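Below: the structure, in structure tokens.
Please treat every number below as a calculation from the coordinates, not as lab data. A quick note: this is a predicted structure, and the numbers were derived from the prediction, not measured. Positions of Cβ are generated from backbone atoms using ideal geometry, with glycine treated the same way; all protein chains shown enter the neighbour counts.
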Amino acid sequence: MENNLPVNVREYQELAKKALSKMHYDYINGGAEDEHTLRDNIAAYGRILLRPRVLVDVSNIDMSTSLLGYNMPSPIIVAPTGSHKVANPEGEVATAKAAASCNSLMVLSFSSNCRIEEVAASCDAIRFYQLYVFKKRAVSATLVRRAESSGFKAIVLTVDNPMLGRRERDIRNKMVAPDKPNLEGLISLENLDTTDGSQLAKYVRDTMDPSLSWKDVEWLKSITSLPILVKGILTAEDARKAVEAGAAGVIVSNHGGRQLDYAPATISVLEEVVNLWLMKESTAVIPLPPLL
């Protein structure tokens, strides 16, 4: 293996296909319905051409930037993805350590296979916490308090999943919902059979709140002093609403093509959101990579 290490992300993907079960590989790699948006997230980058300029001194290149006042060596963060233990026995702890070694900021998913406190104690780094809003608001409030007390620096509110996208691969595979230790004692995960397909889909239907609305951003602001980033924005109109609701920033994302199929590729809508955001000097705009 050492003599044949992958040289790009695509080669890691091929290795993952060989190492993981079909259920778990499809869960990580799949999208909603026809997977049009999933494919277009990648294809859209191929439609963007570079306009090179030459004879410019590039002997010293500085890609550093800052996000909410936190300095980073490059504009790359680890986006919130759950269930890392399906791919690595250390789960999100391993991801957190890797991110810290690169001085990169990590957003811990609410569906982490490792406890919030365990990830926080694993290494010294800046981390944000991703939050979903449950029907039982007390569950979300508890997770926010735990993240805040564990030193997380912002809350990333995911707003594009009032219902789970129809992920046909998971339905065919009868996807079993991975363990969510952070929800133990807060929500019962019993009786999640796979008779009708994906166990994960049943879990979302039973626990997530489809009535999620802009007033919930205001509610979240009322229970935490941490800045709030709204993840799942695809239009300038919604970016404007996020500003009005008091968000510190937005994350431009179509959930990796896993929610609403035939939504636009993330990179294709970034310009319209940024054009709005240029008028707001104190806020941040974060585009997510196509596969996250």
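Out of every Cα pair in region 199-282, what percent are spaced more than 20 Å from each other? Mind dumping the intermediate values first?
Working: 1491 of 3486 pairs.
Result for the distance tail: 43 percent.
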Taking the chain and dividing mean pair separation by its residue count, relative contact order in percent (alpha carbons under 8 Å, at least six apart):
21
Compute the FRET efficiency between residue 53 and residue 101 as 1/(1 + (r/R0)^6), taking r as their Cβ-Cβ distance and R0 = 25 Å, and round to the nearest 0.05.
0.15
222 nm mean residue ellipticity, helices alone, for the chain (DSSP H n ≥ 4; -39,500 (n - 2.57); rounded to 500)
-10500 deg cm²/dmol
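Using R₀ = 41 Å, calculate the FRET efficiency as 1/(1 + (r/R₀)^6) where r is the Cβ-Cβ separation of residue 184 and residue 17; round to 0.05.
With R0 = 41 Å, the Cβ-Cβ based efficiency is 0.85.
Can you tell me what the convex hull of the Cα atoms of region 16-158 projects to on average, as an area in nm²?
With the hull built on Cα positions only, its mean projection is 12.2 nm².
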Rg to Rh for region 1-100: what is it, with Cα atoms only and Rh by Kirkwood?
1.02
Based solely on C-alpha atoms, express the radius of gyration and the Dmax of region 138-228 in angstrom.
15.0, 43
Rg(Cα) of region 108-190 divided by 2.2 N^0.38 Å?
1.18
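Place the peptides 17-25, 129-137, 38-46 in order of packing, highest mean first, counting for every residue the other Cβ atoms within 10 Å and averaging per peptide. List each step's numbers first, then the result.
Working: 17-25: 13.4, 129-137: 20.4, 38-46: 17.0.
Descending packing order for the listed peptides: 129-137, 38-46, 17-25.
I want the local charge near residue 107. Using Cβ-Cβ distances under 14 Å, sum +1 for each Lys or Arg and -1 for each Asp or Glu among the other residues. Intermediate values should be presented prior to the final figure.
Values: positive: 127, 153, 231; negative: 92.
Result for the local shell: +2.
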